[in-house]
Amino acid sequence: MVDDRWTAWVVCAALAIAGACRPAAVVAPTPLPAAPRGAPVAHRTIAHDALDLEADVLPPSPGVERRLDALIGDAARKIRAAEPRLRALDPRERALETFRLIEDGLAADHVVYAGRGYVSTLHDALAPTLVDHVGLARLQDRFENRGRIPHITASPQEPYYMADCDTFSILYVAIGETLDLPIAMVDLPSPPGAVGHDYVVWTLPGGGKVAWEPMTGEERNAALDDDFFFHAPRSADESAAARAFGVAMTRAETLGYWHRIVAELWLDLGAPQQALAAFTAATRLGPQSPVAYNDVAWLLATSPDPAVRDPERAVQVAERSVALWPSANYLDTLAAAYAAAGRWQDAQRAQARAVSVAAAYDPKASGFRHRLALYEHCQAYIAARREERLAESWRETLQNPAWGDLAIAVSGREAAPIADACAAGAGVSRTTPPHPPHPPRR
């Protein structure tokens, strides 16, 4: 199963008229002079590289690099001005105080947390947004913004910049690059029934780390958070040893993360071949990332575009992903790959494991059980096309009681029985073909 974000984008776009996703009423963005793409910038950083990757998919966004330069420059000036004081601190306190200065610089420029689903790209985070009094109250009500209240209320007529965990993190890394500071981004796995997360760390001279939560602008409680993100299938230490999750990412690995964001943009545009190229680039830049392998394998196994599907390669890539991180989602992908390759017994075994793991946090595990039933009837799973996914997301949203008056009753109907493709005369054998060779282990 792919860890995608398109559902949040679609739901927020569809419900914008109801104000359900947006933290504020959006007015016209502040007009800024255009900065031509590729023009010289004050600080060429990893954030600029991320913007370039996104710009291959997104329409032009005048002034976006200039706004990025301003955010980086303001924070960098605060740190440079405090350098004599920072040098007098011990390494750990220096790291924390530098993080506080970055937070203060970003907050002074109205960079805030708007809530999950509002931001998908760095372009989104750098889009200036004016808010009304209702939106202002919503920003203040977010517990993540509790330390930013003075900045939020000081000049409410100015635009705000809505960031989330990964866009906040890459801004910190970019500021660190500008000043040659040892700041790196850390990616966390998706815990059962929730989504993954990103934060930043400062590497101390002796190799220790100072963890910082950029969404709240506070030191991160690693022990508490690790219990949430790493209670299954592997511990934080085991994951770090394999460089799967929970480690300071290199510059290349961070750009690999951003290739995955770009791939999801391509999927949202209905361009699976371009998405596959971006996901594949992510595996090259982050060869220990189980997420990147899982994304590639899911697309190769389940794409509705026959030109994209490659069952044998899907099996190899999915086995690599599960070897790094045997979660329910990744086992689900492996089973889909086996089914696409006609290896029904392997598909059933892998999917049964996925159901067992998923049932620990979701007793219904409906999607997993549905695919298990398909494989028991020798049917491969093909993902819905983009238009069908959009319609399904909208239908599920309207049925969600959390939306109050928006919720509607949809007439229920029994799912059509799954035809048994393994039945005699169906032309499909239950026998398992020979296993292809395992992918090389790096």
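Out of the residues in the range 232-257 meeting the condition of being hydrophobic (A, V, I, L, M, F, W, C) and not in a helix (DSSP H, G or I), tell me which one is nearest to ALA354 (Cα to Cα). Step through it out loud before you land on a result.
If we filter the range 232-257 for residues that are hydrophobic (A, V, I, L, M, F, W, C), which is where we start, we get 232, 236, 240-242, 244-245, 247-249, 252, 255.
Those still in the list that are not in a helix (DSSP H, G or I) too: 232, 242, 244-245, 247-249.
Values: ALA232: 13, ALA242: 22, ALA244: 19, PHE245: 20, VAL247: 26, ALA248: 29, MET249: 28 Å.
In this case the residue turns out to be ALA232.
So which residues in the range 326-343 are of a type in the set (Phe, Trp, Tyr) and either over 20 Å from the mean Cα position of the chain (by Cα) or not in a helix (DSSP H, G or I) (or both), if there are any at all? Write out each step before concluding.
As a first pass, look at the range 326-343 and keep what is of a type in the set (Phe, Trp, Tyr): 330, 338.
Across the range 326-343, the qualifying residue is only TYR338.
Looking for whichever is small (Gly, Ala, Ser), touching a residue at least 60 places away in the same chain (Cβ under 8 Å) and not assigned by TED's automatic domain parsing to the domain that holds ARG234 here; the options are SER321, SER303. Which one fits?
That would be SER303, the only listed residue that is small (Gly, Ala, Ser), touching a residue at least 60 places away in the same chain (Cβ under 8 Å) and not assigned by TED's automatic domain parsing to the domain that holds ARG234.
Among the residues that make up the range 236-248, is at least one of them surrounded by 22 or more Cβ atoms within 10 Å (Cβ to Cβ), under 28 Å from VAL111 (Cα atoms) and hydroxyl-bearing (Ser, Thr, Tyr)?
Taking the range 236-248 first, the residues surrounded by 22 or more Cβ atoms within 10 Å (Cβ to Cβ) are 239, 245-246.
Restricting the remaining residues to those that are under 28 Å from VAL111 (Cα atoms) gives 245-246.
If we keep only those that are hydroxyl-bearing (Ser, Thr, Tyr) too, we end up with none.
Scanning the range 236-248 turns up no residue that is surrounded by 22 or more Cβ atoms within 10 Å (Cβ to Cβ), under 28 Å from VAL111 (Cα atoms) and hydroxyl-bearing (Ser, Thr, Tyr).
Filtering the range 274-308 down to residues that are in contact with a helix residue (DSSP H, G or I) (Cβ under 6 Å, 6 or more places away or on another chain) and in a loop (DSSP other than H, G, I, E, B), which residue is nearest to LEU188 (Cα to Cα)?
My answer is GLY286.
For the range 46-64, does any single residue satisfy the condition of being modelled with pLDDT under 50, assigned to a helix (DSSP H, G or I) and under 30 Å from TRP325 (Cα atoms)?
Step one: filter the range 46-64 for residues modelled with pLDDT under 50, giving none.
Among the residues of the range 46-64, not one is modelled with pLDDT under 50, assigned to a helix (DSSP H, G or I) and under 30 Å from TRP325 (Cα atoms), which makes the answer no.
Working only within the range 192-208, note down all residues that are of a type in the set (Val, Ile, Thr) and at pLDDT below 90. Step through it out loud before you land on a result.
Keep residues of the range 192-208 that are of a type in the set (Val, Ile, Thr), which gives 195, 200-201, 203.
Scanning the range 192-208 gives a single hit, VAL195.
Quick one: in the range 331-352, of everything that is of a type outside the set (Gly, Ala, Ser) and without any contact (Cβ under 8 Å) to a residue 60 or more places away in the chain, which residue is surrounded by the fewest Cβ atoms within 10 Å (Cβ to Cβ)?
Step one: filter the range 331-352 for residues of a type outside the set (Gly, Ala, Ser), giving 331-334, 338, 343-346, 348-349, 351.
Now restrict to residues that are without any contact (Cβ under 8 Å) to a residue 60 or more places away in the chain: 331, 334, 338, 348-349, 351.
Numbers: LEU331: 27, LEU334: 31, TYR338: 28, GLN348: 21, ARG349: 16, GLN351: 28.
Checked the range 331-352; the qualifying residue surrounded by the fewest Cβ atoms within 10 Å (Cβ to Cβ) is ARG349.
Quick check on ARG260: is it in a helix (DSSP H, G or I), under 21 Å from ARG313 (Cα atoms) and either more than 17 Å from the chain's Cα centre (by Cα) or not assigned by TED's automatic domain parsing to the domain that holds SER321 (or both)? Talk me through it step by step, then tell me what you get.
On the way: in a helix (DSSP H, G or I): yes; under 21 Å from ARG313 (Cα atoms): yes; either more than 17 Å from the chain's Cα centre (by Cα) or not assigned by TED's automatic domain parsing to the domain that holds SER321 (or both): no.
Spelling it out, it is not the case that ARG260 is in a helix (DSSP H, G or I), under 21 Å from ARG313 (Cα atoms) and either more than 17 Å from the chain's Cα centre (by Cα) or not assigned by TED's automatic domain parsing to the domain that holds SER321 (or both).
At least 3 residues that are surrounded by 20 or more Cβ atoms within 10 Å (Cβ to Cβ) and in contact with a strand residue (DSSP E or B) (Cβ under 9 Å, 6 or more places away or on another chain) in each: list the helices (runs of 4 or more DSSP H) lying fully within the range 128-231 that qualify. Give the steps one after another, and end with the answer.
On the way: elements: 133-141, 149-154, 165-179, 222-229.
Because the criterion is at least 3 residues that are surrounded by 20 or more Cβ atoms within 10 Å (Cβ to Cβ) and in contact with a strand residue (DSSP E or B) (Cβ under 9 Å, 6 or more places away or on another chain), the helices (runs of 4 or more DSSP H) in the range 128-231 that meet it are 165-179.
Being without any contact (Cβ under 8 Å) to a residue 60 or more places away in the chain and not acidic (Asp, Glu) is the filter here; which residues of the range 74-104 pass it?
Residues satisfying the conditions are ARG77, LYS78, ALA81, ALA82, PRO84, ARG85, LEU86, ARG87, ALA88, LEU89, ARG94, LEU101.
What are the pairs with Cβ atoms under 6 angstrom where one residue, in the range 255-268, is in contact (Cβ under 8 Å) with a residue 12 or more places away in the chain and the other, located anywhere, is surrounded by fewer than 24 Cβ atoms within 10 Å (Cβ to Cβ) and of a type in the set (S, T, N, Q)? Sequence gap at least six, or different chains.
So the pair list comes out as TRP266/GLN274.
Taking the range 267-285, which residues are crowded, with 19+ Cβ neighbours inside 10 Å, of a type in the set (A, V, I, L, M, F, W, C) and at pLDDT below 95?
Correct list: LEU267 only.
When you look at SER327, is it touching an Asp or Glu at 6+ places or on another chain (Cβ under 8 Å), farther than 16 Å from ASP56 by Cβ and touching a residue at least 24 places away in the same chain (Cβ under 8 Å), yes or no? Break it down into steps so the answer makes sense when it comes.
Details: touching an Asp or Glu at 6+ places or on another chain (Cβ under 8 Å): no; farther than 16 Å from ASP56 by Cβ: yes; touching a residue at least 24 places away in the same chain (Cβ under 8 Å): yes.
Spelling it out, it is not the case that SER327 is touching an Asp or Glu at 6+ places or on another chain (Cβ under 8 Å), farther than 16 Å from ASP56 by Cβ and touching a residue at least 24 places away in the same chain (Cβ under 8 Å).
Is at least one residue of the range 369-376 in contact with a Pro (Cβ under 6 Å, 6 or more places away or on another chain) and either at pLDDT 85 or above or part of a helix (DSSP H, G or I) (or both)?
Of the residues in the range 369-376, the ones in contact with a Pro (Cβ under 6 Å, 6 or more places away or on another chain) are none.
No, every residue in the range 369-376 fails to be in contact with a Pro (Cβ under 6 Å, 6 or more places away or on another chain) and either at pLDDT 85 or above or part of a helix (DSSP H, G or I) (or both).
Which condition number in (1) within 21 Å of PRO62 (Cβ to Cβ); (2) in a helix (DSSP H, G or I); (3) touching a helix residue (DSSP H, G or I) at 6+ places or on another chain (Cβ under 6 Å) is the one that LEU101 fails?
Just one mismatch for LEU101, condition (1).
Scan the range 96-122 for residues that are buried (at least 21 other Cβ atoms within 10 Å of the Cβ) and either more than 16 Å from ALA70 (Cα to Cα) or not aliphatic (A, V, I, L, M) (or both) and jot them down.
Within the range 96-122, THR98, PHE99, GLU103, GLY105, HIS110, TYR113, ALA114, VAL119, SER120, THR121 meet the criteria.
Mind checking which pairs have a first residue in the range 206-222 that is within 14 Å of ARG94 (Cα to Cα) and a second that is part of a loop (DSSP other than H, G, I, E, B), Cβ under 9 Å, 6 or more apart or different chains?
VAL210/LEU204; VAL210/ARG220; ALA211/ARG220; ALA211/ASN221; TRP212/ARG220
The values are calculated or read from the model by the stated rules, or taken from the named source; none is laboratory data. The model shown is predicted, which means the values in this text are computed figures rather than measured ones. All Cβ positions, even for glycine, are placed from backbone atoms using ideal geometry, and neighbour counts span all protein chains on display.
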